[in-house]
1. Can you name the strands (runs of 3 or more DSSP E) wholly within the stretch B:39-83 that have at least 3 residues being of a type outside the set (G, A, S) and within 30 Å of A:M51 (Cα to Cα)?
2. Keeping to the stretch A:85-111, report how many residues are in contact with a helix residue (DSSP H, G or I) (Cβ under 7 Å, 6 or more places away or on another chain), of a type in the set (G, A, S) and in a strand (DSSP E or B).
3. Select from the stretch B:51-83 the residues that are small (G, A, S) and open to solvent by less than 80 Å² (accessible area, probe 1.4 Å) and list them in ascending order.
4. Conditions: (1) assigned to a strand (DSSP E or B); (2) of a type in the set (G, A, S); (3) over 15 Å from the mean Cα position of the chain (by Cα); (4) more than 14 Å from chain B (Cβ to nearest Cβ). A:A39 meets all but one. Number of the miss?
5. In the set B:A44, B:A48, B:A30, which member is surrounded by fewer than 19 Cβ atoms within 10 Å (Cβ to Cβ), touching a Ser or Thr at 6+ places or on another chain (Cβ under 6 Å) and at pLDDT 95 or above?
Amino acid sequence: MIRVQREDFDLGAELAALTQGRHDIGGLCSFVGLVRDMAPIDGETTGISAMTLEHYPGMTEKMLARIEAEAQERWPLSASLIIHRYGRMEPGEQIVLVAAASAHREAAFEACHFLIDWLKTKAPFWKIESTDDGREAWVAARDSDDDAAARWQRSDEAAE
Amino acid sequence: MKLVYFAWLKAKVGHAEEEVAPPAEVETVAALMDWLSARGAGYAEALADRATIRVAVNQEYAKPGDRVKPGDEVAFFPPVTGG
């Protein structure tokens, strides 16, 4: 299941709903991304007062559904979930939740890791940070995110 | 053809979306970017770094040689930074 929403989510309730009534799940792995209060801007560690996420409605949902389907195809998952927020958030707030459940932990761990790595380089979201001193700066994509996603690239697929 | 812009490209171009009717010889993503760049300094600046700018045609990632045609929705944006 995927959801793109402005409002916050209740981690415990979301995970409980994912496994509700299921007795075939042996392991559930989740990752939550949060807004940090510091970020490197122009090479300097800078205090952040808020972050605003913009996205491409329509394409976002399409890409998230495809990312989830890819995880389902690669691992024997019993359930999976992607929730991504957009709009304005302050430090400490939850941005994203990915979760994967399987009969055994290996698939749950790997699929969860895959979901967030793949999402970071493929889902059309952009972050702009508001600094403590009143500036606004678009977050630059990081090579390390590309490297993280590349680990999951299959040899039979061309890199984008 | 509908064009949409996201993140800092939107600010450089000056608007979030627009309808355009490029000449018939503009048949590819690369040709569309050349045509747009000639429309004004904001476009030229927004689309200058061809290796960085990502393009989606009808909400699918596209490459420079991919076709564009009337009625398509073409989006231009920087590398994504979600998660």
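The values are calculated or read from the model by the stated rules, or taken from the named source; none is laboratory data. Keep in mind that what you see is a predicted model, and the values were worked out from it rather than measured. Neighbour counts run over all protein chains shown; Cβ positions are idealised from the backbone, glycine included. Quick note on the areas: whole protein, heavy atoms, side chains included, nothing else; ligands and nucleic acids left out. Shrake-Rupley method; radii C 1.70, N 1.55, O 1.52, S 1.80 Å.
1. Per the criteria, B:54-57, B:73-77.
2. 4
3. B:A56, B:A62, B:G65, B:G71, B:A75, B:G82, B:G83
4. It fails just one condition, (4).
5. B:A44
Condition check ((1) within 13 Å of another protein chain (Cβ to nearest Cβ); (2) within 28 Å of A:A149 (Cα to Cα); (3) in contact (Cβ under 8 Å) with a residue 40 or more places away in the chain) across all residues:
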{"site": "B:A7", "(1), (2), (3)": "yes, yes, yes"}
{"site": "B:G14", "(1), (2), (3)": "no, no, no"}
{"site": "B:A24", "(1), (2), (3)": "no, no, no"}
{"site": "B:L47", "(1), (2), (3)": "no, yes, no"}
{"site": "B:T52", "(1), (2), (3)": "yes, yes, no"}
{"site": "B:E60", "(1), (2), (3)": "yes, yes, no"}
{"site": "B:G71", "(1), (2), (3)": "no, no, yes"}
{"site": "B:G83", "(1), (2), (3)": "yes, yes, no"}
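Per-residue answers, yes or no, for (1) at the interface with chain B (Cβ under 10 Å from one of its Cβ atoms); (2) surrounded by 16 or more Cβ atoms within 10 Å (Cβ to Cβ):
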residue	(1), (2)
A:E54	yes, yes
A:M59	yes, yes
A:A65	no, no
A:E70	no, yes
A:R74	no, no
A:L77	no, yes
A:G87	no, no
A:G92	no, no
